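What follows is a single structure, written as structure tokens, with notes after it.
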Amino acid sequence: MSGFGKTAFRIVVLCLLLCAGYAQAAQSAIAIIAHPDNRLTGITQDEVARIYLGKTNTFPDGTPARPVDQRLQSPSREKFYARVVKKTNAEITAHWSKLMFTGMGTPPNVLSDDAAVKAWVAGNPEGLGYVDGAVVDSSVKVLLIVP
């Protein structure tokens, strides 16, 4: 192979590796989803965290928000709380235990997985959920993507 051929080959290999990395990152992104009729065009991580911590029960525009959670062992749940809420599963459990004990709140309902959350949000106008970005389709509206 000539010097130019080796350089071109290396560039092609580098591009393929970078593309593979981007594809993997997109699949591991968390999508914050709402019902398709939700009027919002987006939401911030802080606004989502406030809803999931029980600090508010409305979307930023004042309409009611009903968040749903995923089971403790769900990969999406672990990513969501680490990346968006900035808390571990243990910290979230302790947070909700304290709020429930004092009568100050009730945690979101828990569903089994991404498919269950997507279906529930698609059928509930006040719904808010999180799923792996790879499962999003036109049945829900994406308000935020968190890499």
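Please treat every number below as a calculation from the coordinates, not as lab data. None of the values given here were measured: they were computed from a predicted structure. For neighbour counting, all protein chains shown are included, and Cβ atoms are generated from backbone atoms with ideal geometry for every residue, glycine included.
Using 7 Å Cα-to-Cβ label points, what is the residue 46/residue 106 separation (nm, one decimal)?
Going from the residue 46 label point to the residue 106 one covers 3.0 nm.
Check cross-link reach from residue 141 to the lysines: straight Cα distance under 24 Å, and skip same-chain residues fewer than eight apart.
Those lysines meeting the cut-off are 55, 79, 86, 118.
How much length is gained on full extension from residue 39 to residue 124, taking 0.36 nm per residue of separation minus their Cα-Cα distance?
29.2 nm
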